[in-house]
1. Given the C-alpha centroids of segment 84-109 and segment 47-71, what is the distance between them in whole angstrom?
2. Measure nothing fancy, just the Cα-based angle from helix 87-110's long axis to the longest principal axis of the chain, in degrees from 0 to 90, nearest 10.
3. Students often get this wrong: which residues of segment 115-136 have the backbone nitrogen under 14 Å from the point 7 angstrom along Cα-to-C-beta of residue 95?
4. Is any residue of segment 113-134 close enough, with backbone N under 20 Å, to a label point placed 7 angstrom from the Cα of residue 25 along the Cα-Cβ axis, and if so, which?
5. Between residue 151 and residue 86, what is 0.36 nm times their sequence separation minus the Cα-Cα distance? Round to one decimal in nm.
6. Within segment 36-67, name every residue whose backbone N is under 17 Å away from a label modeled 7 Å from Cα of residue 114 along the Cβ vector.
7. Over all directions, what mean area does the Cα convex hull of segment 26-154 project, stated in square nanometres?
8. Angle between the Cα long axis of helix 52-80 and the longest principal axis of the chain, 0 to 90 degrees, nearest 10?
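The numbers here are math on the coordinates, done by the rules we state, and not lab data. A quick note: this is a predicted structure, and the numbers were derived from the prediction, not measured. Cβ sites come from the backbone with ideal geometry, for glycine too, and all protein chains shown count toward neighbours.
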């Protein structure tokens, strides 16, 4: 009997069987990556030997980039779910995302700091942007799944 059960092949799950809820591990990893990227970038700025206006420039670029990528992710997801997003807002979201990256590159290119510092800022910035997209996606997925479950409960 047991051998028959072991030899029996399990049917693979169908797409409809998954709820596509992000795992707790992925949600946690996304938040941790966002915090590590942002905190290390800010600690690097705090300890940097730069003028205060330079530190302000790099900090503003981080905030600008984070807002921009979350806006892009939201716009893309809204369109995917059939929620109206104007072409102007969608375009501005992409433009500001690219602008934040270009402004960071220009700032680092012209900065009088070690190449290793430039790499540090570039990598912590990139980690922060990527993690912000993942956190936004997870938040959106969980909210959508929870709202579907609530609708099913009330029906």
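1. 14 Å
2. 50 degrees
3. Of the residues in segment 115-136, none has backbone N under 14 Å from the label point off residue 95.
4. From segment 113-134, the list is 131, 134.
5. Numbers: separation 65, 0.36 × 65 = 23.40 nm, distance 2.84 nm.
That works out to 20.6 nm of additional length.
6. 41, 43-50
7. Working: hull surface 37.3 nm².
Computed as one quarter of the Cα hull surface, the answer is 9.3 nm².
8. Tilt of helix 52-80: around 30 degrees.
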